[in-house]
1. Accessible area of the stretch 107-149 with a 1.4 Å probe: how many percent of it is carbon plus sulfur?
2. Ordering His39, His206 by accessible area with a probe of 1.4 Å, largest first, what comes out?
3. In whole angstrom, how far apart do the alpha carbon centroids of the stretch 134-150 and the stretch 78-109 sit?
4. What FRET efficiency would be calculated for the residue pair Val160, Ser127, taking the C-beta separation as r and a Förster radius of 25 Å, to the nearest 0.05?
5. Please work out the FRET efficiency for the pair Gln71 and Asp22, using the Cβ-Cβ distance as r and a Förster radius of 22 Å; give the result to the nearest 0.05.
6. How big is the accessible area of His93 in square angstrom, nearest 10, if you roll a 1.4 angstrom probe over the protein chains?
7. By the gyration tensor of its Cα atoms, with a ≥ b ≥ c the square roots of the eigenvalues, what is the shape of the stretch 195-328: rounded for a/c under 1.5, prolate for a/b over b/c, or oblate?
8. How much length is gained if the chain between Glu153 and Arg322 is pulled fully straight, taking 0.36 nm per residue apart and subtracting their Cα-Cα distance, in nm to one decimal?
Amino acid sequence: MITVLLAFGLAAGDHLAAESFDPQPAVKAPLASQSLLLHVIDVPGAGFVAVGERGHVLRSPDGKNWSQAEQVPVRSTLTRATVRDGQLWAVGHDSTILQSLDAGRNWVLKHFESEASEPLFDILFTSPNEGIAIGAYGRYMVTRDGGQSWEVERIADRIVDEDIDWAAVARAQGGYDTLPDDFEFAGGTDPLDMVDRGCYEFQECHLNAVLELASGRLIIAAERGYGFRSDDNGETWTAFRFPYSGSMFGLAELESCVVSYGLRGHVQRSCDGGESWSDLDAPGQQTLLGDARVGNEIIMVGSGASRVYLDHSGRLQREEDRLGSDYAAVAGAADGLILVGEDGVRHEPR
């Protein structure tokens, strides 16, 4: 599990240095399919694409037979991939952003900053021209020209509202656990003084995942229990707290509800667009890192070969093998599941 977390750069409080070199093309590796892979996606009409360490990009028509992409211009670890309107995008360490127009065979470098030491963890296009990329220490990047250029900002620059009860946070952290619920701070006392501020009250928290809901609202899952939501395509954001104060690594939508998942197997659900959240009773404590929609369920995977199945009613079922491989992501295939993680890629028939 540590290997997967370090590749993401998600370990709590870490300050990993990104690989400091000029962009160099990834090399063909005979065992690339057995190396650390961090994400896999289904590319409509073209099979599957997986990304991981050393700039490895793998392609498969069926999820069983894999080959490396013909050209990848970096050796930086790649953490996430996505597809929209036939274009593939991948992000990773060194603030890398890659684009492919041929189903992942060849990739073009759209952004690279080895000196920033800030990996990117997710990318989302809300239209052919407008997209955002998010990552470590509150990094928030925006494009308005289809990814040809990117503006570098911080999530803090766009936060206009806080839906956070800081006094409640102080109580939860044990600072004022004896205060009544209706207690009012007086005499200029700031409840923030009683709070473990972690990543400077969310200002520099790692931003781990972003999701566009069917309603058009955007949700970001971050570390230390922080989250963000936007109703104007990411122009402004409201900060909020999840019920669990640990890091959330992924987001998924199932019918009218959105789910967040992460550290110690916590799964949280909101059925009002992210306004309020409940911490579901998830058996086990294995950290969850990736998900896929398969039929009428969401499958979440993580450390200890764990798999958590969530249906539309909020019912959870877990399978795990503490001695098994750590999974980072999953995709559904017609005849089974495609699992990627520390041991590469695996096709598991149903």
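1. Heavy-atom surface of the stretch 107-149 belonging to carbon and sulfur, 1.4 Å probe: 49 percent.
2. Reading off the accessible areas and sorting them downward yields His39, His206.
3. The two parts, judged by their Cα centres, are 13 Å apart.
4. Efficiency computed from Cβ-Cβ geometry: 0.70.
5. 0.85
6. 20 Å²
7. oblate
8. Contour length minus the Cα-Cα distance gives 56.9 nm.
The values are calculated or read from the model by the stated rules, or taken from the named source; none is laboratory data. Just so we're clear, the structure is a prediction, and the values are computed from it rather than from any experiment. Positions of Cβ are backbone-derived with ideal geometry, glycine not excepted, and every protein chain shown enters the neighbour counts. Remember, those area values only see protein heavy atoms, side chains included, never the ligands or the DNA or RNA. Shrake-Rupley method; radii C 1.70, N 1.55, O 1.52, S 1.80 Å.
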